[in-house]
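One structure is given below, encoded as C-alpha coordinates.
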Amino acid sequence: MRIATRFVSRAAASSMVVAAALALVGFQATAQTASAATKKAPSVVTCTTANTKLTVTEVSRPINHLLLKATNTGTKPCYAYIAPYLRAGADAQAPLPWAEETTPQAVVTLEHGQSAYAGITTSTPEGEGGAKEKTLGVFFADRKGNAINNEKTLKLPKGGIFFNSAATVTYWQDNAADALTC
(Lines give C-alpha, C1' and ligand atoms only; values in the text may rest on other atoms or scores of the structure.)
Protein backbone atom coordinates (compact mmCIF):
# COMPACT_ATOMS: atom_id res chain seq x y z
CA MET A 1 0.00 0.00 0.00
CA ARG A 2 2.82 2.31 0.89
CA ILE A 3 4.51 1.74 -2.49
CA ALA A 4 1.28 2.49 -4.35
CA THR A 5 0.78 5.73 -2.41
CA ARG A 6 4.36 6.78 -3.06
CA PHE A 7 3.93 5.99 -6.78
CA VAL A 8 0.67 7.99 -7.03
CA SER A 9 2.23 10.93 -5.16
CA ARG A 10 5.24 10.98 -7.49
CA ALA A 11 3.00 10.71 -10.56
CA ALA A 12 0.79 13.54 -9.31
CA ALA A 13 3.81 15.71 -8.54
CA SER A 14 5.30 15.00 -11.97
CA SER A 15 2.00 15.84 -13.64
CA MET A 16 1.77 19.12 -11.76
CA VAL A 17 5.33 20.04 -12.77
CA VAL A 18 4.56 19.23 -16.43
CA ALA A 19 1.29 21.19 -16.30
CA ALA A 20 3.04 24.19 -14.74
CA ALA A 21 5.80 24.05 -17.36
CA LEU A 22 3.27 23.86 -20.19
CA ALA A 23 1.28 26.74 -18.73
CA LEU A 24 4.45 28.83 -18.48
CA VAL A 25 5.44 28.02 -22.07
CA GLY A 26 1.93 28.87 -23.27
CA PHE A 27 1.96 32.15 -21.37
CA GLN A 28 5.37 33.08 -22.78
CA ALA A 29 4.28 32.17 -26.32
CA THR A 30 1.16 34.29 -25.96
CA ALA A 31 3.21 37.21 -24.67
CA GLN A 32 5.72 36.82 -27.52
CA THR A 33 2.93 36.66 -30.11
CA ALA A 34 1.27 39.76 -28.67
CA SER A 35 4.62 41.53 -28.54
CA ALA A 36 5.40 40.58 -32.14
CA ALA A 37 1.95 41.72 -33.28
CA THR A 38 2.44 45.05 -31.53
CA LYS A 39 5.83 45.56 -33.14
CA LYS A 40 4.68 44.49 -36.62
CA ALA A 41 1.35 46.33 -36.70
CA PRO A 42 1.96 49.49 -38.75
CA SER A 43 0.61 52.71 -37.35
CA VAL A 44 -1.69 54.73 -39.56
CA VAL A 45 -0.68 58.31 -40.36
CA THR A 46 -2.47 61.22 -42.01
CA CYS A 47 -2.14 61.45 -45.80
CA THR A 48 -0.04 64.47 -46.79
CA THR A 49 1.61 65.82 -49.91
CA ALA A 50 4.82 64.18 -48.64
CA ASN A 51 3.46 60.60 -48.55
CA THR A 52 1.15 60.65 -51.59
CA LYS A 53 1.39 61.18 -55.31
CA LEU A 54 -1.27 63.56 -56.62
CA THR A 55 -2.63 63.67 -60.17
CA VAL A 56 -5.50 65.55 -61.77
CA THR A 57 -7.17 64.44 -65.00
CA GLU A 58 -10.07 65.63 -67.11
CA VAL A 59 -12.91 63.13 -67.53
CA SER A 60 -15.32 62.85 -70.44
CA ARG A 61 -18.36 62.19 -68.23
CA PRO A 62 -19.76 64.06 -66.46
CA ILE A 63 -18.89 67.21 -68.38
CA ASN A 64 -17.02 70.03 -66.63
CA HIS A 65 -15.42 67.62 -64.17
CA LEU A 66 -11.90 66.71 -63.12
CA LEU A 67 -10.71 63.73 -61.09
CA LEU A 68 -8.13 64.22 -58.35
CA LYS A 69 -6.27 61.05 -57.40
CA ALA A 70 -4.06 60.64 -54.30
CA THR A 71 -1.93 57.47 -54.20
CA ASN A 72 -0.16 56.44 -50.99
CA THR A 73 3.60 56.29 -51.71
CA GLY A 74 4.58 56.06 -48.03
CA THR A 75 5.59 52.99 -46.05
CA LYS A 76 2.63 53.23 -43.63
CA PRO A 77 -1.11 53.25 -44.28
CA CYS A 78 -2.59 56.75 -44.28
CA TYR A 79 -5.98 58.33 -43.66
CA ALA A 80 -7.39 60.67 -46.33
CA TYR A 81 -9.49 62.81 -44.00
CA ILE A 82 -12.63 64.64 -45.10
CA ALA A 83 -11.84 66.35 -48.44
CA PRO A 84 -8.96 68.16 -50.09
CA TYR A 85 -8.61 71.91 -49.90
CA LEU A 86 -8.29 73.07 -53.51
CA ARG A 87 -7.14 76.40 -54.88
CA ALA A 88 -8.11 76.87 -58.54
CA GLY A 89 -5.44 79.18 -59.94
CA ALA A 90 -2.56 80.95 -58.25
CA ASP A 91 -4.71 83.99 -57.36
CA ALA A 92 -7.59 82.09 -55.69
CA GLN A 93 -8.74 83.80 -52.50
CA ALA A 94 -10.59 80.81 -50.99
CA PRO A 95 -10.65 77.03 -51.44
CA LEU A 96 -13.37 75.35 -53.46
CA PRO A 97 -16.37 74.41 -51.27
CA TRP A 98 -16.90 70.77 -50.38
CA ALA A 99 -19.95 68.99 -51.81
CA GLU A 100 -21.59 68.01 -48.51
CA GLU A 101 -23.84 65.41 -50.16
CA THR A 102 -20.71 63.30 -50.88
CA THR A 103 -19.72 62.74 -47.24
CA PRO A 104 -18.59 59.09 -46.95
CA GLN A 105 -19.57 56.88 -44.02
CA ALA A 106 -15.94 56.30 -43.02
CA VAL A 107 -12.51 57.83 -43.40
CA VAL A 108 -10.74 56.51 -46.50
CA THR A 109 -7.70 54.47 -45.45
CA LEU A 110 -4.96 53.94 -48.01
CA GLU A 111 -2.49 51.08 -47.82
CA HIS A 112 0.77 51.55 -49.73
CA GLY A 113 -0.10 51.83 -53.44
CA GLN A 114 -3.84 52.41 -52.92
CA SER A 115 -5.61 55.58 -54.04
CA ALA A 116 -8.34 57.95 -52.88
CA TYR A 117 -10.36 60.07 -55.30
CA ALA A 118 -12.10 63.44 -55.25
CA GLY A 119 -14.35 64.70 -58.04
CA ILE A 120 -14.13 68.36 -59.00
CA THR A 121 -17.03 70.18 -60.63
CA THR A 122 -15.32 73.04 -62.45
CA SER A 123 -18.36 75.01 -63.60
CA THR A 124 -22.11 74.87 -64.20
CA PRO A 125 -24.49 77.11 -66.17
CA GLU A 126 -25.81 78.44 -62.84
CA GLY A 127 -22.35 79.64 -61.81
CA GLU A 128 -21.26 83.23 -62.17
CA GLY A 129 -18.09 84.78 -63.52
CA GLY A 130 -15.12 82.54 -63.91
CA ALA A 131 -11.78 82.25 -65.60
CA LYS A 132 -9.51 79.71 -67.24
CA GLU A 133 -7.04 78.51 -64.60
CA LYS A 134 -3.74 76.77 -65.30
CA THR A 135 -2.96 75.31 -61.87
CA LEU A 136 -4.65 73.54 -58.98
CA GLY A 137 -3.25 73.92 -55.47
CA VAL A 138 -3.93 70.93 -53.20
CA PHE A 139 -3.80 70.71 -49.40
CA PHE A 140 -4.82 67.72 -47.30
CA ALA A 141 -7.01 68.02 -44.21
CA ASP A 142 -6.28 66.66 -40.76
CA ARG A 143 -8.78 64.74 -38.62
CA LYS A 144 -10.30 68.03 -37.39
CA GLY A 145 -10.74 69.38 -40.92
CA ASN A 146 -7.87 71.87 -40.84
CA ALA A 147 -5.62 72.26 -43.87
CA ILE A 148 -2.19 70.75 -43.25
CA ASN A 149 1.19 70.37 -44.84
CA ASN A 150 2.62 72.14 -47.81
CA GLU A 151 0.58 72.90 -50.88
CA LYS A 152 1.16 70.72 -53.92
CA THR A 153 0.58 72.63 -57.16
CA LEU A 154 -0.61 70.59 -60.13
CA LYS A 155 -0.81 71.70 -63.75
CA LEU A 156 -4.32 71.45 -65.13
CA PRO A 157 -4.98 69.54 -68.39
CA LYS A 158 -5.18 71.29 -71.78
CA GLY A 159 -3.17 74.26 -70.56
CA GLY A 160 -6.05 75.35 -68.33
CA ILE A 161 -9.63 74.64 -67.29
CA PHE A 162 -12.55 77.07 -66.86
CA PHE A 163 -13.79 77.47 -63.27
CA ASN A 164 -16.76 79.57 -62.17
CA SER A 165 -18.52 80.28 -58.85
CA ALA A 166 -20.31 76.89 -58.92
CA ALA A 167 -17.05 74.90 -58.65
CA THR A 168 -16.99 72.30 -55.84
CA VAL A 169 -14.99 69.27 -54.74
CA THR A 170 -16.24 65.99 -53.27
CA TYR A 171 -15.07 64.37 -50.09
CA TRP A 172 -12.39 61.71 -50.54
CA GLN A 173 -13.85 58.48 -51.91
CA ASP A 174 -12.31 55.02 -52.21
CA ASN A 175 -13.19 54.74 -55.92
CA ALA A 176 -13.35 57.04 -58.93
CA ALA A 177 -16.99 56.25 -59.80
CA ASP A 178 -18.27 57.54 -56.45
CA ALA A 179 -16.09 60.64 -56.72
CA LEU A 180 -17.65 61.52 -60.07
CA THR A 181 -21.31 61.22 -59.02
CA CYS A 182 -21.50 64.77 -57.68
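The values are calculated or read from the model by the stated rules, or taken from the named source; none is laboratory data. Keep in mind the model is a prediction, meaning the values are calculated, not measured. Virtual Cβ from ideal backbone geometry, glycine too; neighbours counted across all protein chains shown. In case anyone asks, the SASA skips ligands and DNA or RNA and just uses the protein heavy atoms, side chains included. Shrake-Rupley method; radii C 1.70, N 1.55, O 1.52, S 1.80 Å.
Per-residue extension of 0.36 nm, minus the Cα-Cα distance of Val45 and Lys134, leaves a gain of 28.9 nm for this segment.
Between Thr124 and Asn164, Ala166, the built amide H atoms are under 5 Å apart, and every one of these is 5 or more places off in sequence or on another chain. FRET efficiency for Lys144 and Glu58, Cβ-Cβ distance as r, R0 = 30 Å, nearest 0.05? Efficiency at R0 = 30 Å is approximately 0.40. In order along segment 107-124, the phi-based Karplus estimate (6.51 cos²θ - 1.76 cosθ + 1.60, θ = phi - 60°) of 3J(HN,Hα) comes to 5, 7, 9, 10, 6, 3, x, 7, 10, 10, 10, 9, x, 10, 8, 8, 6, 9 Hz; Gly and Pro are listed as x. The solvent-accessible area of Glu133, taken with every protein chain present and a 1.4 Å probe, is close to 50 Å². Listed values for segment 82-92 are Karplus-derived 3J(HN,Hα) couplings in whole Hz (6.51 cos²θ - 1.76 cosθ + 1.60, θ = phi - 60°), namely 6, 8, x, 8, 10, 10, 7, x, 5, 9, 4, and x replaces Gly and Pro.
If you take every residue apart from Val138 with its C-beta less than 15 Å away from the C-beta of Val138, what net charge results, scoring Lys and Arg +1 and Asp and Glu -1?
Numbers: positive: Lys53, Lys69, Arg87, Lys134, Lys152, Lys155; negative: Glu133, Asp142, Glu151.
Neighbour charge sum, excluding Val138 itself: +3.
Taking every protein chain into account, the accessible area of segment 61-182 amounts to 53 square angstrom per residue (probe 1.4 Å).
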